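**Student:** Structure provided below as structure tokens; questions to follow.
The values are calculated or read from the model by the stated rules, or taken from the named source; none is laboratory data. Because the structure is a prediction, the values reported are computed rather than measured. Counting neighbours? That spans all protein chains shown, and the Cβs are built from the backbone with ideal geometry, glycine included. Just the protein is used for accessible areas: all its heavy atoms, side chains included, with ligands, DNA and RNA removed. Shrake-Rupley method; radii C 1.70, N 1.55, O 1.52, S 1.80 Å.
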Amino acid sequence: MTATSRWQNLGVELPGEHLRVCPQGYTCCTSDMEDNLATLSRREMEGLLKNDGRSLQNALVGQHKTFDGYFMELLNRSAIGLHATLSSAWGILYVQNAQVFSDLYADLRRYYRGSNVNLEEVLNEFWVRLLEKLLHHTNKQSLAGEDYLECVSKQMETLRPFGDHPRTIKVSVTRAVLAARSFVQGLAVSGEVVRKVSQVRLSLDCMRAIMKMTYCPHCRGMASARPCANYCTNVMKGCLANQADLNTEWRHLADTMMQVADHLHGPSGVEDVILTLPNSILDGVSTMMENMEAVKHKLGQACGRLGEGQPSGAMQDEVKQYGRVTVDEIQLGKTGSSSEKIGTLVAEVRTKLEHMRPYWVSLPRIVCSDRVATGIGAEDKCWNGMSRARYLPEIIGDGLANQINNPEVEIDITKPDIMIRQQIMQLKITTHRLKNALNGRDVDFQDTSDDASGSGSGACADEMCHQGRRIVILATNQPVFNTPENKEVRSSAAQNLPCVTINLLLLLGLLLRR
């Protein structure tokens, strides 16, 4: 045991020349205690930042799951409505060709999930396959070879057997599903960015600055002193300088997502497009049925006659008897309350996005809000890093570049955090994709549907996963003991108390570490 430690155990204050973080006045803290308190400070602050980030992350993941579930519900209702109508109206004809319709909805789901699917090709192929099935149904005694079917595909644009319905559906469905996909992707990326950035370790200089702000008053016998507001702000702006550099791209992403959200609601929104898709398809089929002879004649001129054999008159009559079929709103589950749901969801997410826009530059204020001195005259009696007195330096600006003049935390502005720079790039990429979606332009998306619903994007597996915004910060909410207002400690009992408090804090830190 060193001489310093022996004097410390006796509760005697030391001159303080050995201190490397706290002011070098009379103290009951040793160098080892400073190091341990700095580690404890880091653990507390990183826990606080993770907890606050988890609150926002959970909110974004919740919005993602809500929208994702609602869109999948729309697709299911649309598919079920079409199936129920055609099963009843077409009977065996639908049963024989149901795969064409089920494949279309399966491809829509895959595209929405982010799979490498070209939606325009999917929709074009659907109409070609449907035409092939209908031609085969009216010519059951004939055979269609691959050359003939390829020719039919090439003639679709010229013949337009389904009228203008394929083009109209292609435009509306592509825009709606692309907007929905890009929107939920934006929510997933936002939550993942928050998760990753909230786990960034604090630097050594930051750790010391937080320790100086939080625990050095204890070493000086002023445990009731709380940090000056501007002092705390400068410390946290230095510690969170890299995080603040997310601000510009984070705001751009939030603003663009709000624009996309506005396109999800209304007459051409996702609900209207997806739930009217069955009737749009059936209108196209009815157009084909009504013009079957003309279509076959033109195909015969362009592609040649079908194999051997001719269709029977009875088969022609069977096709015509189906007539025009529609899916009613009851089969689609389309009601007034369901129509209002998308509006409510959009309003809720707009509120959340608006709230999260200033998040990264608001963190210093959020962290300091419940730990600084408040009340009348607090600015003259708060801990300013050296003593109980007014804090004189001005508040530093946000971001890494502004920290060159930070009086509290030494920051090398030439070495930005690599992981945070990667997240800034991810935000730029996602915003670019969202802007493309606003213009109806398709983009390649990485499939993150599994991550968005798993532990990587907000699922919680520890006791700290809850909606609260704060964890307990030691020695900030209530004074551990009261000391006289004068700076000198007059009695041996008063000298012993700070040391007892510090040792209790260190013991608690060791227990937390276990």
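**Student:** Name, by its number, the condition in (1) under 14 Å from the mean Cα position of the chain (by Cα); (2) among the aliphatic types (A, V, I, L, M); (3) open to solvent by 10 Å² or more (accessible area, probe 1.4 Å) that does not hold for Ala244.
**Tutor:** It fails just one condition, (1).
**Student:** Now a separate question. Only residues in the stretch 109-121 that are surrounded by 12 or more Cβ atoms within 10 Å (Cβ to Cβ) count as the first member; pair them with residues that are aromatic (Phe, Trp, Tyr), Cβ under 8 angstrom, at least 6 apart or cross-chain, and list the lot.
**Tutor:** Within 8 Å, the pairs are Tyr112/Phe71; Gly114/Phe445; Val117/Tyr111; Leu119/Tyr111.
**Student:** Among the residues in the stretch 61-72, are any more than 23 Å from the chain's Cα centre (by Cα) and either under 22 Å from Thr174 (Cα atoms) or open to solvent by 10 Å² or more (accessible area, probe 1.4 Å) (or both)?
**Tutor:** There is no residue in the stretch 61-72 that is more than 23 Å from the chain's Cα centre (by Cα) and either under 22 Å from Thr174 (Cα atoms) or open to solvent by 10 Å² or more (accessible area, probe 1.4 Å) (or both).
**Student:** Could you list all residues from the stretch 80-108 that are open to solvent by 20 Å² or more (accessible area, probe 1.4 Å), among the hydrophobic types (A, V, I, L, M, F, W, C) and without any contact (Cβ under 8 Å) to a residue 60 or more places away in the chain?
**Tutor:** Of everything in the stretch 80-108, those that are open to solvent by 20 Å² or more (accessible area, probe 1.4 Å), among the hydrophobic types (A, V, I, L, M, F, W, C) and without any contact (Cβ under 8 Å) to a residue 60 or more places away in the chain turn out to be Ile92, Val95, Ala98, Ala106.
**Student:** Moving to a separate point now. How many residues are part of a helix (DSSP H, G or I), of a type outside the set (Val, Ile, Thr) and closer than 30 Å to Ala179 by Cα when one looks only at the stretch 209-258?
**Tutor:** Final tally of qualifying residues: 12.
**Student:** Could you check the stretch 354-381 and list, in sequence order, the residues that are over 21 Å from Leu60 (Cα atoms) and not in a helix (DSSP H, G or I)?
**Tutor:** Within the stretch 354-381, Ser369, Asp370, Arg371, Val372, Ala373, Thr374, Gly375, Ile376, Gly377 qualify.
**Student:** Right, here's the next one. For Ser153, state whether it is open to solvent by 10 Å² or more (accessible area, probe 1.4 Å) and without any contact (Cβ under 8 Å) to a residue 60 or more places away in the chain.
**Tutor:** When the stated conditions are applied, Ser153 passes them.
**Student:** So, Thr214, is that one buried (at least 23 other Cβ atoms within 10 Å of the Cβ), among the hydroxyl-bearing types (Ser, Thr, Tyr) and modelled with pLDDT under 95 or not?
**Tutor:** When the stated conditions are applied, Thr214 passes them.
**Student:** What's the number of the condition Leu19 fails, among (1) within 26 Å of Met386 (Cα to Cα); (2) at pLDDT 85 or above; (3) open to solvent by less than 10 Å² (accessible area, probe 1.4 Å)?
**Tutor:** Just one mismatch for Leu19, condition (2).
**Student:** Let me ask another. State all residues of the stretch 118-127 that are in a helix (DSSP H, G or I) and within 29 Å of the chain's Cα centre (by Cα); if no residue qualifies, say none.
**Tutor:** Matches in the stretch 118-127: Leu119, Glu120, Val122.
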